[in-house]
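Asks: Take a look at the following structure, please.
The values are calculated or read from the model by the stated rules, or taken from the named source; none is laboratory data. Computed from a predicted model, the values in this text were never measured in an experiment. Positions of Cβ are generated from backbone atoms using ideal geometry, with glycine treated the same way; all protein chains shown enter the neighbour counts.
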Amino acid sequence: MTAHVPSTLVTAPRITADEFLSGDHPIGSELVDGVVYEMDPAFDHQEVVSRLLTALREQTDHGRAGIGGNWVLADGHVYKPDVWWKAQRPRGVRHDGPPELAIEVRSPGTWALDVGPKLRQYEAAGTTELWLVDTASSTVLVFRRDDSGPGFADAVEFAAGEELTSPLLPGFALDVDALFADLG
């Protein structure tokens, strides 16, 4: 039996991806550095997730956008991005490797994971773009790969009055103000 660890706890028995996937964990749980974390998103978080997923589905004419899943990035790392996009639709109950685009939306209990170990693992696993959506500051921090090296280039911040675009998604544009409109 594996331990369920709330996002505020940092010590627990470490398990593998296979142990995590064969275990009985609460819906939405992730495995980060071998530790199980239960994600408990707020209503504003879920509203932003819905807006992002809708925009991706409405504005992209190729690939697939979705939520969650079991993305095995490395042993000890099984993530369920808040929103993802992949050129080819993943099949089954797990996908070994990252989505091309992973989006993590700020939750109070998990933001430190998103900007720390998860960001580093997405980068190491080869994710093309990572969007860290900060509902507290109404900004989107975008990490992209370019020709400057093997990892992410310097992050680009999209804020009020700007449109979020992506070279990965030709024609995609999302008004940052609309993304965060009417949140608590």
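Asks: Determine, yes or no, whether LYS80 is surrounded by 14 or more Cβ atoms within 10 Å (Cβ to Cβ), under 20 Å from SER50 (Cβ atoms) and of a type in the set (Lys, Arg).
Replies: When the stated conditions are applied, LYS80 passes them.
Asks: Quick check: anything in segment 151-162 farther than 23 Å from PRO98 by Cα and loosely packed, with under 13 Cβ neighbours inside 10 Å?
Replies: Yes, segment 151-162 contains a residue that is farther than 23 Å from PRO98 by Cα and loosely packed, with under 13 Cβ neighbours inside 10 Å.
Asks: Among the residues of segment 136-148, which ones are surrounded by fewer than 16 Cβ atoms within 10 Å (Cβ to Cβ) and under 17 Å from GLU100 (Cα atoms)?
Replies: Of everything in segment 136-148, those that are surrounded by fewer than 16 Cβ atoms within 10 Å (Cβ to Cβ) and under 17 Å from GLU100 (Cα atoms) turn out to be ASP146, ASP147.
Asks: A further question on this structure: If a residue must be among the hydrophobic types (A, V, I, L, M, F, W, C) and exposed (fewer than 15 other Cβ atoms within 10 Å of the Cβ), how many such residues does segment 22-46 contain?
Replies: 2
Asks: Has segment 47-59 got any residue that is modelled with pLDDT under 95 and among the charged types (D, E, K, R)? Explain how you work it out, then say what you get.
Replies: Of the residues in segment 47-59, the ones modelled with pLDDT under 95 are none.
Within segment 47-59 (the criterion being modelled with pLDDT under 95 and among the charged types (D, E, K, R)), the answer is no, since none of the residues qualifies.
Asks: Ok, one more. Listed residues THR54, THR110; which is buried (at least 20 other Cβ atoms within 10 Å of the Cβ) and either more than 20 Å from LEU132 (Cβ to Cβ) or β-branched (Val, Ile, Thr) (or both)?
Replies: THR110 is the lone residue from the list that is buried (at least 20 other Cβ atoms within 10 Å of the Cβ) and either more than 20 Å from LEU132 (Cβ to Cβ) or β-branched (Val, Ile, Thr) (or both).
Asks: How many residues are surrounded by fewer than 16 Cβ atoms within 10 Å (Cβ to Cβ), touching a Gly at 6+ places or on another chain (Cβ under 9 Å) and either outside any loop (DSSP other than H, G, I, E, B) or among the hydroxyl-bearing types (Ser, Thr, Tyr) (or both) if we restrict to segment 58-72?
Replies: The qualifying residues number 1.
Asks: I would also like to ask the following. Of all residues in segment 158-172, how many are in contact with an Asp or Glu (Cβ under 9 Å, 6 or more places away or on another chain) and more than 16 Å from ALA55 (Cα to Cα)?
Replies: Result for segment 158-172: 2.
Asks: Just checking, which of LEU169, LEU130, LEU101 is surrounded by 13 or more Cβ atoms within 10 Å (Cβ to Cβ) and more than 28 Å from GLY23 (Cβ to Cβ)? Walk me through it before giving the result.
Replies: On the way: LEU130 fails: more than 28 Å from GLY23 (Cβ to Cβ); LEU101 fails: more than 28 Å from GLY23 (Cβ to Cβ).
Exactly one residue qualifies, and that residue is LEU169.
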